[in-house]
Amino acid sequence: MRVGILTGGGDCPGLNPAIRGATLRLIRDGHTPIGVLQGWKGLIEGLTVPLTEERVDEIIREGGTILGTSRTNPFKDPADVQRLLENIEDFNFGAIIAIGGEDTLGVARRLYTEHGVRVVGVPKTMDNDLGGTDFTFGFDSAVSVAVEAMDRLRDTAKSHARIIVLEVMGRHAGWVALYAGIGGGADWILIPEVPVDLNAMCHYLQQVYHGGKRYGLVVVSEGVELPFAGSDEPLQTDEFGHKVLKERAVGSRVARYIEEITGIETRDAVIGHIQRGGPPTVYDRVLATRLGLKAAELVSTGQFGMLAALHGVEIVAVPLEEALQAPKLVPYELYEEARQIFQRAVLQPQRSGAS
């Protein structure tokens, strides 16, 4: 059959390996893979490109997505849904492989349940907040970039005896901040799942600084809610109703607060979309390839409405509904485990401990 492959939502490292894995398996099984450009927008507008072995052979090392992407929600307009369904019929697509996160897969689920479109999902998000799978590809690459940034920030923080706050992506879930904070040796980690205690943080940073370390590193997720007023400007929303967080400047606001309370010179850094680009890590290349292969297998075996997912070390099929029931958030117990590292007792010159 002719099988459409699309990538939707924010890009991240691993999309091209997933496209490659799905394409090669589909061809092996006798199908004809067709790339749909710019996510669901491309299926609405009829934008496609052939996918061949030659075209995908070397893309495993490339970041981004050769198919392009968008945050288009066809269900915002019934006319768009109708055009999408007509194009599926016109292109004679027997199935659609949708590679994306909560929003992209949410559209896929509705197309399957409400219109009978034969879809298979592949979980992608650097935030690692998608249910039904232990990890999503893109996450390991994003964390690796954040840890490298922390290593560099540590050098300049030590040189100038400063505290530096690193803001990383994470709208609802703090997986990137938590893993980067642990891997980069942060002195404090702020994530959306745990109410912030800025006074406790500042007290601890003062202990660390005046206890002899003379610098500090803080990691904060962009989605953290701070207990003081920010901009009065209402935040814009995307087509799926999510607030666009670029104007919140969480890292900058945390840095200003730390400097005001502690009196220690504090700077902030935002790596933002740097986390999205660049070649995927080996882990993400392998995971994305395996998920793409599984998605193609599900198409060949007629298992539609399913998601290729990682459970332990196995790639399995789970219902799309299971993956979309609720965001996968950082468990409080895991944050408490990390707190043992970044909020440990500090030895003062008089060797008196404080938590």
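The values are calculated or read from the model by the stated rules, or taken from the named source; none is laboratory data. Because the structure is predicted, anything quoted here is derived from the model rather than measured. All Cβ positions, glycine included, derive from the backbone under ideal geometry; neighbour counts span all protein chains shown.
Numbers at a glance
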item: Residue count for the stretch 135-152, restricted to those that are in contact with a strand residue (DSSP E or B) (Cβ under 7 Å, 6 or more places away or on another chain) and buried (at least 22 other Cβ atoms within 10 Å of the Cβ); result: 5
item: Qualifying residues in the stretch 279-289 (those that are surrounded by fewer than 24 Cβ atoms within 10 Å (Cβ to Cβ) and out of contact with any helix residue (DSSP H, G or I) (no Cβ under 7 Å at 6 or more places or on another chain)) - the one farthest from Ile99 (Cα to Cα); result: Val282
item: Qualifying residues in the stretch 157-180 (those that are small (Gly, Ala, Ser) and surrounded by 24 or more Cβ atoms within 10 Å (Cβ to Cβ)) - the one nearest to the chain's Cα centre (by Cα); result: Gly170
item: Filter result for Gln325 (touching a strand residue (DSSP E or B) at 6+ places or on another chain (Cβ under 7 Å) and farther than 19 Å from Ile60 by Cα); result: no
item: Restricting the stretch 13-48 to residues that are of a type in the set (A, V, I, L, M, F, W, C) and farther than 23 Å from Glu297 by Cβ, the residue that is surrounded by the fewest Cβ atoms within 10 Å (Cβ to Cβ); result: Leu47
item: Qualifying residue in the stretch 207-228 (condition: among the hydroxyl-bearing types (Ser, Thr, Tyr) and under 15 Å from Gln343 (Cβ atoms)); result: yes
item: Checklist (1) outside the structural domain of Pro17 (by TED's automatic domain parsing); (2) surrounded by fewer than 24 Cβ atoms within 10 Å (Cβ to Cβ) applied to Tyr112, failing item; result: (1)
